């Protein structure tokens, strides 16, 4: 490690113990020398790395989303349609806070994976600590604001009556646990950046297990209903923090001692990635909020059907969300190591993987559509929305997945505001006019059709820009400022690469 690198880092926790080492770091290192962090993704098949990372991430994410689906199922047994609608409204607002935490998670995985790829172990540890603190503070601030204005936020979505009352009660219990969720999500992202998808999965899996156990106890055992589901969610987030810290500290020694000077020094690079990533991810709940607002006039049954679709979607397509988080560290480590050929290969493999994945899940949803409607007792307009999603609309998520892969590449390669532009484009130009036309022509079902059409358009555009970016990385070596986008757009492309597009 160079003298310059030593001078800008704080002492990692590993330096305090003169003997031992960790399972991840191998033999003990001399006192005062940071333990080297292995580069996991710079060798071997990029498709294999993508498959392993996505599978582990999907398992963890889908376990959480399955518990959300179980929440809705248990609450539907109470026999009150307003309960399902309330969860739909509350979930739309919580999606905003989760999107903010995702932005910080992307920054953590990107910065830590780059530092590991460049062989800067001490810097990776300091950045890991700084991003955890950053996430907890930011989550607390946004959750506090939403807690104060929870009634106003629900009113903007069109919530009213019993559904509004239940949603507000649920949110007032869950919102104080938001800093725990942000902290645990960043811990999971750092573990992915390290190249340990298994322990990254354990973070979300722990939360899912605790939630699944506590749900029936608090909902039915204590007779708390919606409030019981909120308490179970709170406890699950505590479990996620415990498991995340165990992986970071005991297993991988990936944290440095908290240092105020180091933290304030890291705020700028963290914000440079986290802010546009947050703006990027907030676009999705903004689009969903517009969808909820568009469906609300068609009645409680339609909103309940939309809530069911909203819970089915992440369970079925958890791989899309997992891949967007998994491919970033793979690209980041290779980019940090100046393996530009592998960056391009990883991006293309990501597009292939996501296309195959969505097609398989679409087929499963198609054949399970009747069972899903019956299981959640969906009726009328709500049942029609669920059937439409499973039969046709689900296929459009091929293009949503492609856009997610492109956004991960933009964030990692130094163009985070490009992913912001694409996601906001999809949430506004790709949603509002399409949904408005669909709603006018086909009612509630047209809302789903409109969202699908906009996703296809922006997914294709994202794929074209992303492909051109990864094939012209020689214009921006690692560490250099981003090459102007006009230069990438106008760079000549060989016939072989043009055929690839």
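Data for the structure
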{"quantity": "Residue check, residue 300 over 20 Å from residue 98 (Cα atoms) and in contact (Cβ under 8 Å) with a residue 12 or more places away in the chain", "calculated": "yes"}
{"quantity": "Neighbours by Cβ (under 7 Å, 6+ apart or cross-chain): first from the stretch 206-227, without any contact (Cβ under 8 Å) to a residue 24 or more places away in the chain; second outside any helix (DSSP H, G or I)", "calculated": "218/224"}
{"quantity": "Some residue of the stretch 346-353 being modelled with pLDDT under 80, farther than 16 Å from residue 84 by Cα and not in a loop (DSSP other than H, G, I, E, B)", "calculated": "no"}
{"quantity": "Selected residue [within 19 Å of residue 454 (Cα to Cα), over 16 Å from the mean Cα position of the chain (by Cα) and in contact (Cβ under 8 Å) with a residue 24 or more places away in the chain] from 280, 355, 284", "calculated": "355"}
{"quantity": "Top-ranked residue in the stretch 297-325 [being surrounded by fewer than 22 Cβ atoms within 10 Å (Cβ to Cβ) and at pLDDT 85 or above; ranked as farthest from residue 376 (Cα to Cα)]", "calculated": "297"}
{"quantity": "Candidate set: the stretch 78-91, residues that are assigned to a loop (DSSP other than H, G, I, E, B) and in contact (Cβ under 8 Å) with a residue 60 or more places away in the chain; chosen: the one surrounded by the most Cβ atoms within 10 Å (Cβ to Cβ)", "calculated": "80"}
{"quantity": "Single match in 436, 452 (criterion: at pLDDT 90 or above, over 30 Å from residue 78 (Cβ atoms) and surrounded by fewer than 19 Cβ atoms within 10 Å (Cβ to Cβ))", "calculated": "436"}
{"quantity": "Verdict on residue 244 being surrounded by 19 or more Cβ atoms within 10 Å (Cβ to Cβ), in contact with a helix residue (DSSP H, G or I) (Cβ under 9 Å, 6 or more places away or on another chain) and more than 30 Å from residue 414 (Cα to Cα)", "calculated": "no"}
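Rundown of residues vs (1) touching a helix residue (DSSP H, G or I) at 6+ places or on another chain (Cβ under 6 Å); (2) under 16 Å from residue 297 (Cβ atoms); (3) at pLDDT 90 or above, yes/no style:
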residue	(1), (2), (3)
443	no, yes, no
460	no, no, yes
474	no, no, no
480	no, no, no
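Yes or no, residue by residue, for (1) out of contact with any strand residue (DSSP E or B) (no Cβ under 9 Å at 6 or more places or on another chain); (2) at pLDDT below 90; (3) under 27 Å from residue 295 (Cβ atoms); (4) not in a helix (DSSP H, G or I):
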position: 327; (1), (2), (3), (4): yes, yes, no, no
position: 342; (1), (2), (3), (4): yes, yes, no, no
position: 358; (1), (2), (3), (4): yes, no, yes, no
position: 369; (1), (2), (3), (4): yes, yes, yes, no
position: 383; (1), (2), (3), (4): yes, yes, yes, no
position: 386; (1), (2), (3), (4): yes, yes, yes, no
position: 410; (1), (2), (3), (4): yes, yes, no, no
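The values are calculated or read from the model by the stated rules, or taken from the named source; none is laboratory data. None of the values given here were measured: they were computed from a predicted structure. Here Cβ is always computed from backbone atoms with ideal geometry, including for glycine, and neighbour counts include all displayed protein chains.
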